[in-house]
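Undergrad: The following block contains the structure, expressed as structure tokens.
Derivation of every value follows stated rules applied to the coordinates shown; laboratory data play no part. Being a predicted model, the structure only gives us computed values, none of them experimental. Ideal geometry is used to build each Cβ from the backbone, glycine not excepted, and the neighbour counts take in all protein chains shown.
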Amino acid sequence: MKVPIGYKFIFGFLAVVATAAFVPGAVDVISMPEWLRTPLGVLVAMVIGLIIGAVFTKGFTRNFTHLTRMAQRISRGDLSSAETERLGAKFFPDETTELEEALVLVFTDLRGLVGHLKDTVKKLAEAQETLNGIIGKGHETSSEVAAGTGRIFDGALEQSRHVENSSVMVREVAEMADSAASKVTDTANASQKVNVMAHRGATSATSAIEKMEAVFRGIEKSASAATRLKEKLGDIPKILDVITHISRQTDLLALNATIEASKAGEHGRGFAMVAEEVRRFADNTSRSVEDVSMIVRELKTEVEHVVATANEGTASVREGRDDIRKIREILGGITDYTSDVAEKAGVVLSLTQKQKAKAEKTAVAIEEVARIARENLSSTEAVDRAVERHGAAIEETLDAAKKLSALSDELNGVVANFKL
Amino acid sequence: MEKNGDRLVFSVNGRHLALPLASVERVVERPRVYFLPGGRPPLMGVITHMAEPVTVIDLDRLFGAKTGSAAPYTVVIARAGGKIVGLCAGAAGGKPSFLWSGDLRGAKPGPAAGKYISRAVELSGRIIEELDCSSLYDEISDLLSRPENMKGPAEGG
């Protein structure tokens, strides 16, 4: 049953008052001198009042002292063994009992809170270390990312340049493909013309070959005729020798006739003139023979040259026939080849046109790639800026982590003051 | 040189040699001239004419040419008195020509005669020298009668 402290004071006051009131009467019961009774009664009353007052006071102060000690322990942070130092059960609990229970609750809650706080501080320290490690790694990663971003930026720049160059080259390739397509078209047309011309050439060559065969036969006949002519020319010098001999004999005869006519004097003068004419005739004959001989020699030389040439021509004819056979085969091969070339030129033309179309598409795609590369460059610049901001944020986080670490240390120091 | 006599003229080694037609018996052509024992240039050898041996002398060699006549040989057979001699001038002389007596009317006396030359005249700027057949025959006789020639061509060197 709860008895408030005020009631207890009133009860104590009443007990003291009662004592003061009733003790002197009780003293009178005792046989003692009169003069002693009053002082003794006052004295007994005062003693009893003091005892009762002391009992009440002690009862009150003991509880407050205990509570004060508990509060002092709490204030010192000594939160150990709260239950063992409780006041114990009271017959008449009062506000101190409730205050003790409240302090015990505070003690218990505070003990739990401090324990939780210590755990939290411990975990916070661990988390702080982890955070420091993470921030360090984040810083390193940020640095690496910054470096990588720089390299990526450089790479993107170089890639952009390469893509631009590739774009230019692809445009050039496209132009070259266009030019090649044009030239291939010309080539295809030329191949067709060459094919037609080759067929015409083959026809003309076949006709020419037949005519050359006729020419070869004529050359062979000419060679045979030249050989016969050479043989006949070989007979001419013999005839000329005979003529020369006759001419010389005639000349000699005329000479002697002239001499004889001279010896005949005036009668032989006419004969001498005739003989002289004969001699001149022989002389002319001799010169003509010499001229003819010279002409025959030249003619023989020419005929020999003709024969030699004809023989060479005949040999060449034999070789020429072989060559003609080869030419026929080659012409056949050429016409087949030109047909094949014309067909392949058509295929090449088709492929070149496809290549041209592909090159144009490639140019467009490369242009798109160049645009994307430019965008990537811009994005890389943005990423670089973001990484810089991220680095700054990491620096700030690092500073905050340091501050947090200091706070954690400080909190740890505070919590360390509590004993559980 | 007789003014009315006709001449047969040779060109030998740049010189014009004449022979009176009266002394020319025949001009013959022979494929070869037979070797005469003891014969040395200018003596060529011997031929036959009308079954008579005729000694032939090479005028080219006689008048200083380095080369002699070549076959067929044209030989002028000349007779002076009872002496007969063959004159061959086939190498450089060309064909003999005639110098008629009428052509000699404008001839002027030439330089002094030399060996084997009886006389010389100048006609139209040409010096025509007349051969002395007797001296030629004597020369042949002299050549053939020399003791070294009697030893034959191999021994004479």
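Undergrad: If you average the alpha carbon positions of segment A:170-199 and of segment A:377-420, how far apart do those two centres end up, in angstrom?
TA: 71
Undergrad: In nm, to one decimal, how far is the residue A:305 label point from the residue A:217 one, both placed 7 Å along Cα→Cβ?
TA: 3.0
Undergrad: Run the numbers for residue A:347 and residue A:253: contour at 0.36 nm per residue of separation, minus the present Cα-Cα distance, in nm.
TA: Length difference between fully extended and current span is 24.3 nm.
Undergrad: Need the full-extension length gain, residue A:141 to residue A:129, defined as separation in residues times 0.36 nm minus the C-alpha distance. One decimal, nm.
TA: 2.6 nm
Undergrad: R0 = 41 Å: FRET efficiency of residue A:199 with residue A:291, Cβ-based, nearest 0.05?
TA: 0.10
Undergrad: Further, regarding this structure: Roughly how many nanometres apart are two label points built 7 Å out from the Cα toward the Cβ at residue A:420 and residue A:120?
TA: 1.3
Undergrad: Still on this structure, please answer the following. Among the lysines, which have Cα under 22 Å from the Cα of residue A:403 when same-chain residues fewer than 8 positions away are ignored?
TA: A:118, A:122, A:123, A:137
Undergrad: So if we plug the beta-carbon distance of residue A:385 and residue A:360 into 1/(1 + (r/R0)^6) with R0 = 35 Å, what FRET efficiency do we get, rounded to 0.05?
TA: 0.40
Undergrad: Shifting gears a bit: When only alpha-carbon atoms count, how far does segment A:193-338 stretch along each of its three principal axes, as whole angstroms with the largest first?
TA: Extents along the principal axes, in whole Å: 98, 25, 15.
Undergrad: By how many degrees, between 0 and 90 and to the nearest 10, does the Cα long axis of helix B:133-145 differ from the longest principal axis of chain B?
TA: 10
Undergrad: Also: Mind listing the phi-derived Karplus ³J(HN,Hα) values for segment A:250-265, rounded to whole Hz, using 6.51, -1.76 and 1.60 with θ = phi - 60°, and x for any glycine or proline?
TA: Calculated HN-Hα couplings, in order: 5, 4, 5, 5, 5, 4, 5, 5, 4, 4, 5, 5, 4, 5, 6, x Hz.
Undergrad: To two decimal places, what compactness ratio does segment A:46-128 give when its Cα radius of gyration is scaled by 2.2 N^0.38 Å?
TA: Normalised Cα radius of gyration, segment A:46-128: 1.53.
Undergrad: To continue, here is another question. Based on Cβ point charges of +1 for Lys and Arg and -1 for Asp and Glu, what charge dipole magnitude is obtained for segment B:1-148 about its Cα centre, in debye rounded to the nearest 20?
TA: About 240 debye.
Undergrad: Then there's this: Run the reach check for residue B:66 against lysines, Cα to Cα strictly under 24 Å, same-chain hits fewer than 8 apart removed. What comes back?
TA: Once the sequence-local lysines are set aside, what remains near residue B:66 is B:95, B:115.
Undergrad: Just to confirm my numbers, what's the Cα centroid distance between segment A:293-340 and segment A:122-152 in Å?
TA: When both Cα centres are located, 97 Å separates them.
Undergrad: Moving to a separate point now. Using amide H atoms built 1.01 Å from N in the peptide plane, name the residues 5+ places from residue B:119, or on other chains, whose amide H lies under 5 Å from its own.
TA: When sequence neighbours closer than 5 places are left aside, the close amide H contacts are B:130.
Undergrad: Still on this structure: With N residues in chain A, what two-decimal value do you get for its Cα radius of gyration over 2.2 N^0.38 Å?
TA: 3.49
Undergrad: Please give the contour-minus-distance gain from residue A:246 to residue A:42: 0.36 nm per residue of separation, less the Cα-Cα distance, rounded to one decimal in nm.
TA: 50.9 nm
Undergrad: If you plug each phi of segment A:206-221 into the Karplus form 6.51 cos²θ - 1.76 cosθ + 1.60 with θ = phi - 60°, what whole-Hz ³J(HN,Hα) values come out, in order, with x for Gly and Pro?
TA: Ordered by residue, 3J(HN,Hα) equals 5, 4, 5, 5, 5, 5, 5, 4, 5, 4, 4, 5, x, 5, 5, 5 Hz.
Undergrad: What ³J(HN,Hα) values, in whole Hz, does the Karplus curve 6.51 cos²θ - 1.76 cosθ + 1.60 give for segment A:128-139 when θ = phi - 60°, with x put for Gly and Pro?
TA: For segment A:128-139, the Karplus curve yields 4, 4, 4, 5, 4, x, 5, 5, x, 4, x, 5 Hz.
Undergrad: Another question, then. Amide H neighbours of residue B:29 under 5 Å, at least 5 residues apart or on other chains, H built in the peptide plane: list them.
TA: For residue B:29, the qualifying residues are B:75.
Undergrad: Would you pull out the residues with amide H under 5 Å of residue B:57's amide H, same chain only if 5 or more places away, H placed 1.01 Å from N?
TA: Here the answer is B:44, B:86, B:87, B:88, since their amide H atoms fall under 5 Å of that of residue B:57.
Undergrad: Could you give the nm distance between label points at residue B:122 and residue B:134, where each point is 7 Å from its Cα heading toward the beta carbon?
TA: 2.8
Undergrad: Can you give the longest stretch of chain B with no exposed loop site, where a site means trypsin sites (Lys or Arg not before Pro) in a DSSP loop (not H, G, I, E or B) with at most 13 other C-beta atoms within 10 Å?
TA: B:67-114
Undergrad: Could you calculate the FRET efficiency of residue A:206 with residue A:161 from 1/(1 + (r/R0)^6), where r is the beta carbon distance between them and R0 is 56 Å, rounded to 0.05?
TA: According to the calculation, E is roughly 0.35.
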